[in-house]
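Everything below concerns the one structure shown next.
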Amino acid sequence: MPLVQPSGRLTDHIGLGVLSARFHRDLIEEVINRTGCREKRSRRLPAHVMIRYVIAMGLYAQESAEEVMRRLVGGLRAMGSWSDDWEVPTGSAISQARRRLGVAPVRELFDRAAVPVAGSGTKGAWLARRRLMAIDGTSFDVADTSANVERFGRMGSGPAASAYPKVQVTAVVECGSRAVIGAVIGACSTGERTQAADLTPVVEPGMLLLADSGFYSFELFDRFAATGADLAWRVGASVSLGLVRWLPDGSYLALIYRPGLAAERRRRLARTVTDGGEVPADTARLVRVVDYTVPDRHPDGELITVITTIHDPHEVSGVDLATAYHERWEQESAFNEIKSDLRGRGEVVRSKTPDLVEQQMWGLLLAHYAIRALLVDAADEAGYDPDRLSFIRGLRLVRRQVTDQAAISP
């Protein structure tokens, strides 16, 4: 049976292979309509193609612009569906199409598509019916152009300044799947704590959010607690904890305080709670404190103090909380997969302008999310912990599928 030549523009038949289920055409069309980026005239590289192209850039971050497009349409020739008069667009044409697309549609697609993927049976994803999540930040080197330096800045100053400008990313990751479900992208001068304040919309009841001590402030802790999610955040020795009472598992209830309260005022508030009274919510908050030591960090061990909104030790013991807190390192693994496996170790995000840098970063996050979701589906079906499945092998599979399934089925 002869193969049927595709109708319409050849690029209309570009797909993303096994990733299409995560970013299906209807969702992409909704995003295009919502962000108002639909073309007013027929173009060779329409918006829906360029959204897929930006995701493909995340899969082939070390390839040239033309090579990424060539991989997307590579299956067409093998299937006999390649139009003889169609050529891969030039790098200049692709850059123009990316500029027309802008940042908003790719960011909107991430906001719509990137949701938690761990199921009720996913191993390593839950603690006492709470979905384990973590928040952390990292930075990426970007192309050394004057526009990128102005928007994103460099780490340090003078002779100690970083060789490349850097974009700062703060993200919320589902620990069981390592899927990024929320992110903020900005200048490297913007601290993780500042960026984190914009991530409260992705946190909800039924989650247990883990964070390192660098994220703690009374205001930010209170802001995330107000979402209804439970928190387990490490705090440093400088954080004042007003003891209320000890609990059977060796943890204790304590107050954390709004900055600026005098020591005597803090002691009175602690006595008030000890006697069964309440304190103004904008002044202090009751938390449970779990102290434990990691013996192999240095000769005397390392004392770690975690504060949590889960007050009842019978619901989650101190030992279980301490164990769960170290799931926060899954966030580091997720960042490493994006920076080393997708982008390439030591590679630079090569877009020359700030908007295209942000666009490319959202593409990286979308590519990583889709692969992670695919691995969770496979792990759940086999009864494995997703940690047992290799991300790099999943990436290689997806890359092959993108090339092999780029066209419509014959």
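At-a-glance table
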{"quantity": "Given (1) open to solvent by 30 Å² or more (accessible area, probe 1.4 Å); (2) in contact (Cβ under 8 Å) with a residue 24 or more places away in the chain, number of the condition residue 220 does not satisfy", "calculated": "(1)"}
{"quantity": "Test: residue in region 183-198 that is within 18 Å of residue 370 (Cβ to Cβ), touching a residue at least 12 places away in the same chain (Cβ under 8 Å) and not small (Gly, Ala, Ser)", "calculated": "no"}
{"quantity": "Residue match in region 177-187 (condition: β-branched (Val, Ile, Thr), touching a Ser or Thr at 6+ places or on another chain (Cβ under 8 Å), more than 30 Å from residue 325 (Cα to Cα) and surrounded by fewer than 20 Cβ atoms within 10 Å (Cβ to Cβ))", "calculated": "no"}
{"quantity": "Residue among 296, 312 that is modelled with pLDDT of 95 or more and surrounded by fewer than 20 Cβ atoms within 10 Å (Cβ to Cβ)", "calculated": "312"}
{"quantity": "Test: residue 319 is surrounded by fewer than 19 Cβ atoms within 10 Å (Cβ to Cβ), of a type in the set (Val, Ile, Thr) and modelled with pLDDT under 85", "calculated": "no"}
{"quantity": "Residue tally, condition aliphatic (A, V, I, L, M) and farther than 15 Å from residue 243 by Cβ, over region 267-288", "calculated": "1"}
{"quantity": "Per-region count, region 203-214, residues part of a helix (DSSP H, G or I) and open to solvent by less than 40 Å² (accessible area, probe 1.4 Å)", "calculated": "0"}
{"quantity": "Number of the exception - residue 237 against (1) crowded, with 17+ Cβ neighbours inside 10 Å; (2) modelled with pLDDT under 95; (3) not β-branched (Val, Ile, Thr)", "calculated": "(1)"}
{"quantity": "Members of region 383-396 that are over 18 Å from the mean Cα position of the chain (by Cα), open to solvent by 60 Å² or more (accessible area, probe 1.4 Å) and farther than 21 Å from residue 54 by Cα", "calculated": "384, 388, 393"}
{"quantity": "Filter result for residue 243 (open to solvent by less than 50 Å² (accessible area, probe 1.4 Å) and not acidic (Asp, Glu))", "calculated": "no"}
{"quantity": "Candidates 56, 61 - the one that is among the hydrophobic types (A, V, I, L, M, F, W, C), within 25 Å of the chain's Cα centre (by Cα), in a helix (DSSP H, G or I) and modelled with pLDDT of 75 or more", "calculated": "56"}
{"quantity": "Residues that are acidic (Asp, Glu) and touching a Leu at 6+ places or on another chain (Cβ under 8 Å), drawn from region 202-258", "calculated": "230"}
{"quantity": "Output for region 107-154, where each listed residue is more than 16 Å from the chain's Cα centre (by Cα) and open to solvent by 70 Å² or more (accessible area, probe 1.4 Å)", "calculated": "120, 123, 126, 129, 144, 146, 150, 151, 154"}
{"quantity": "From the options 328, 265, residue that is farther than 17 Å from residue 217 by Cα, at pLDDT 90 or above and open to solvent by 50 Å² or more (accessible area, probe 1.4 Å)", "calculated": "265"}
{"quantity": "Helices (runs of 4 or more DSSP H) lying entirely in region 252-339 (those with 2 or more residues that are closer than 22 Å to residue 123 by Cα and β-branched (Val, Ile, Thr))", "calculated": "318-325"}
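The values are calculated or read from the model by the stated rules, or taken from the named source; none is laboratory data. Since the model is a prediction, treat every value here as computed from it, not as a measurement. We place every Cβ from the backbone using ideal geometry, glycine too, and count neighbours over all the protein chains shown. These area figures cover heavy atoms from the full protein model, side chains too; ligands, DNA and RNA do not enter into them. Shrake-Rupley method; radii C 1.70, N 1.55, O 1.52, S 1.80 Å.
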